[in-house]
Amino acid sequence: TDLQLSRGFEMATAASSSSGTDESQANSKWLDAHYDPVANLYTFSSCVNLADLHGDGEYKLVVGDLGTSWHDMKLKVYRGTDLLSENALPDMPASVATFLMEVHELCTPAVAVASGPFVYVYKNLRPYFKFTLPPLEINPLEKDVWEQAKEDKIDPLSLKEMLEMIREKADIPLSVRSLRFLALDPPEMDSFVNQYKMQPIKRQTVITCMSTLKKNMADEDAISCLVIGTENNEILVLDPEAFTILARMTLPSVPAFLDVMGQFDVEYRLTAACRNGCVYIFRRDSKKPKYCIELSSQPVGLVRVQKNIVAACSDQTLQGYTQKGKKLWMISLPATPMTVSLMDQKSRGFQAVLVALANMEVHMYQDKNLVNVIRTQDVVTSICFGRYGREDNTLVMTTKGGGLIIRILKRTAVFDGGDASVGAPIAQSIKLNVPKKTKLYVDQTLRERECSVAMYQVFQMELNRVRLQAARTYAQALESSLTPITEALQEPLKMNAVVQGIGPTFKLTLHLQTTSATRPAVNLLISFLYDEGLYHMARPFFKAPMLVPGLNYPLETFVECRSDKGISDIIKVFVLREGESAPLLMAHIHMPVSEGLAAA
């Protein structure tokens, strides 16, 4: 009740006053309403919901508790800080949702619990209806084999061999009965076959995730449909009254998280994060995904903020996308994300993403900006934000150790997101101190307006002249083989030259290489052309070795400068094929001034 929550506020405020300064600053926007470390609530965000179950305006906390063993699964309902009711569940819950099945004067939502292949519907906290997923197609070969076992035509060992062959080759997977039989030891096979051979074979899928979709109106008290994701890569939309399948969609992988917006009879978008690390987006009347988002790793949670999709991934990243799959941003998280939930403060029109981390912190992001950090006593495994009791902005969290944390947002709390606007940053909207227009500027603009055609023609003419000159120079370089790479495809060669020394003797190294991937270059000659009065070379002409593809061949020779006047010249290098006069490659080497001879 409100009195109990207010007492919890006073106790939490008194306890928090003695805590550290850092923690009080981090939680300054929140009131610590309640913390029960031994609440024994083991659940995930998909199994936590807030709803007005009795239509009295007081919202209750609905939790699908996983328990600590296979016999402790329960549906628990909290009012304030007290446990109102609990119902035993036959199997582990995968998701919990509240929805309106029909319109009455007293709008009391029903509670749907997805567990195994069933959806258990509760009204007024009592069992009301059980929906079963339709059975899947059975492999005809598997059915025939079990029929033979039923008539005692084959023994259990032969049955096992035939089922293993069917499992390897058949397109339709085996049923659970056959898979369990293949996992048994030989002494246990006889009793298993005798126990199940008279029963018909069934192949049933299970539910992995569940959400709700408004039927034909967007009001809060409008009828909603259940949207179910199954293990056999399908998404089903159920009618809220007759529980018939209204739509069926196929996915490339098993869905793990669902997010739905819109109305079924008008237009809707369905977003599914799957186990293969992809997010698929459906639109109305589409049987297959319309858009696909490839995440960097497996998703941990998925929420929709306005028209954008935000996904937390296991590689410690938070990523934002548009509803058409375009990536907007990606930020790194300080720890591994555990769960994700949406914070919608309707009174201020503020929406943010709550990310629970493995370092016992809950980070709040508006777009990619961190606006608040909440420190907790344990690792948070589920988050739910909304109206609880009669408080509009309540944050309910459960921890890894089974604890329950309830915090309420202060009415004076304002989150500063910094530069959180959509589109261009705020800095671009700041007016610059631009000086006033001078007379020269005004005259120039008038001249550009009057002579715009002539100026454009002159610009185009000069541009074409530059292009022509560049083309002529390139053609001349190709004709004279001045390029460092040959243009002939028969002998693809590459050469560069390095000069070392200060004189009067220089070391000239030619690096010659064939760019062909398979064919070596043979019968190549190296020739030098230079001023014999200025330079002397020991080997002005020699034969190059065979050039093997992928290897660089350094060819060395020495050049002696004969002049003491401090001048230099160009030495031309030619690479020729034996028996031809036209060079394959040619290079001009600008020799440095001989400093040694000049100093002497």
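The values are calculated or read from the model by the stated rules, or taken from the named source; none is laboratory data. Since we're looking at a predicted model, the values are computed, not measured. Note that we place each Cβ from the backbone using ideal geometry, even for glycine, and neighbour counts take in every protein chain shown. What goes into the accessible areas is simple: the full protein's heavy atoms, side chains included, and nothing from ligands, DNA or RNA. Shrake-Rupley method; radii C 1.70, N 1.55, O 1.52, S 1.80 Å.
Worth a mention:
- Whole-number accessible area per residue in Å² for the chain, which is evaluated in the context of all protein chains at 1.4 Å: 54
- Other residues with beta-carbon under 15 Å from the beta-carbon of Val254 carry, at +1 per Lys or Arg and -1 per Asp or Glu, a net charge of -1.
- Net lengthening on full extension, Asp185/Ser158 (0.36 nm per residue, minus Cα-Cα): 8.3 nm
- Unit charges at the beta carbon, dipole of the chain: most positive-side option, Asn276, Tyr120, Pro435: Pro435
- Computed accessible area, Asp56, all protein chains, 1.4 angstrom probe, square angstrom: 70
- Straight-line reach from Lys202: taking Cα to Cα under 19 Å and skipping same-chain neighbours fewer than 8 places apart, the lysines in range are Lys130, Lys143, Lys150, Lys160.
- Prolate/oblate/rounded label for segment 428-472 (Cα gyration tensor, a/c 1.5): oblate
- Cα pair distances of segment 359-400 binned at 10 Å [whole percent]: 26, 47, 26, 1
- Note that the chain shows a convex hull volume over its alpha carbon atoms of 374 Å³ per residue.
- You can think of it this way: the chain between Cys292 and Leu463 has 57.1 nm of extra reach, that is 0.36 nm per residue less the Cα-Cα gap.
- Linear extension gain, Arg375 paired with Ser85, 0.36 nm per residue minus alpha-carbon span: 101.4 nm
- Exposure of Tyr128 as accessible area (Å², to 10), given a probe of 1.4 Å and all protein chains: 130
- Highest-first arrangement of 273-286, 494-507, 390-403, where packing means the average Cβ count within 10 Å: 390-403, 273-286, 494-507
- Mean sequence separation of contacting Cα pairs (under 8 Å, at least six apart), scaled by the length of segment 54-142, corresponds to a relative contact order of 18 percent.
- Nitroxide proxy distance, nm - points 7 Å out along Cα→Cβ at Ala222 and Val548: 7.6
- Farthest towards the positive end of the charge dipole of the chain, among the residues Phe541, Asn523, Ala311, is the Cα of Phe541, using unit charges on the Cβ of Lys, Arg, Asp and Glu.
- Apportionment of accessible area to carbon and sulfur, the chain, percent (1.4 Å): 53
- For the chain, size of Cβ-based charge dipole, Lys and Arg +1, Asp and Glu -1, in debye: 1600
- The alpha carbon convex hull volume per residue for segment 491-600 rounds to 85 Å³.
- Viscosity 0.890 mPa s, temperature 25 °C, Stokes-Einstein D of segment 233-358 from Kirkwood C-alpha radius, µm²/s: 161
- Mean shadow area of segment 36-175 over all directions, Cα convex hull, nm²: 12.5
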